[in-house]
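Trainee: Below is the structure I would like to discuss, written out as structure tokens.
The values are calculated or read from the model by the stated rules, or taken from the named source; none is laboratory data. Since we're looking at a predicted model, the values are computed, not measured. Backbone-built Cβ (ideal geometry, glycine too); neighbour counts: all protein chains shown. We work out accessible area using only protein heavy atoms, side chains counted, and drop any ligands, DNA or RNA first. Shrake-Rupley method; radii C 1.70, N 1.55, O 1.52, S 1.80 Å.
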Amino acid sequence: MDSILSKIEELITPAMNEMNLIVDSVTWEVEGKYNYLKIILDKNDYIDIDTIVEATNKINPILDEYDLIESEYILDVSSKERG
């Protein structure tokens, strides 16, 4: 799975860079009966919900095109927590 997650990060990074976003992490988590592909984004300043929606709309077609994960999953795109 690590090689798939690395490939996903490699594939989505150019699109996120166009939005001035940084791909902080790409992880796979299983919670109960659900699988989550979690993508954490970062930026020099605040990331609002509209930016997360726009990023998700750019990430989804990339994931669909390359179809690297055979299991069903929930895509969870969010911003890095700030302390």
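Trainee: Can you compute the charge dipole magnitude of the stretch 24-69 about its Cα centre, using +1 on each Lys and Arg Cβ and -1 on each Asp and Glu Cβ, nothing else charged? Give it in debye, rounded to the nearest 20.
Mentor: In debye, rounded to 20, the stretch 24-69 gives about 160.
Trainee: Given charges of +1 on the Cβ of Lys and Arg and -1 on the Cβ of Asp and Glu, with all other atoms neutral, how large is the dipole of the chain about its Cα centre, in debye to the nearest 20?
Mentor: 160
Trainee: Next up: Name the residue farthest towards the positive end of the dipole of the chain from the options Y46, N57, N20, assuming +1 on Cβ of Lys and Arg, -1 on Cβ of Asp and Glu, about the Cα centre.
Mentor: Most positive-ward Cα: Y46.
Trainee: Relative to the longest principal axis of the C-alpha atoms of the chain, give the angle of the C-alpha long axis of helix 49-66, reported between 0 and 90° and rounded to the nearest 10°.
Mentor: With both axes taken from Cα atoms, the answer is about 40 degrees.
Trainee: Given (i) 20, 15, 11; (ii) 25, 12, 10; (iii) 24, 15, 11, which label gives semi-axes √(5λ) of the Cα gyration tensor in Å as computed from the coordinates?
Mentor: (i)
Trainee: Ok, one more. With a probe of 1.4 Å, find how much accessible area the chain has per residue, and write the answer as a whole number in Å².
Mentor: I get 67 Å² per residue for the chain.
Trainee: What's the angle, to the nearest 10 degrees (0 to 90), between helix 2-18's Cα axis and the longest principal axis of the chain?
Mentor: Compared with the principal axis, the helix lies near 30 degrees.
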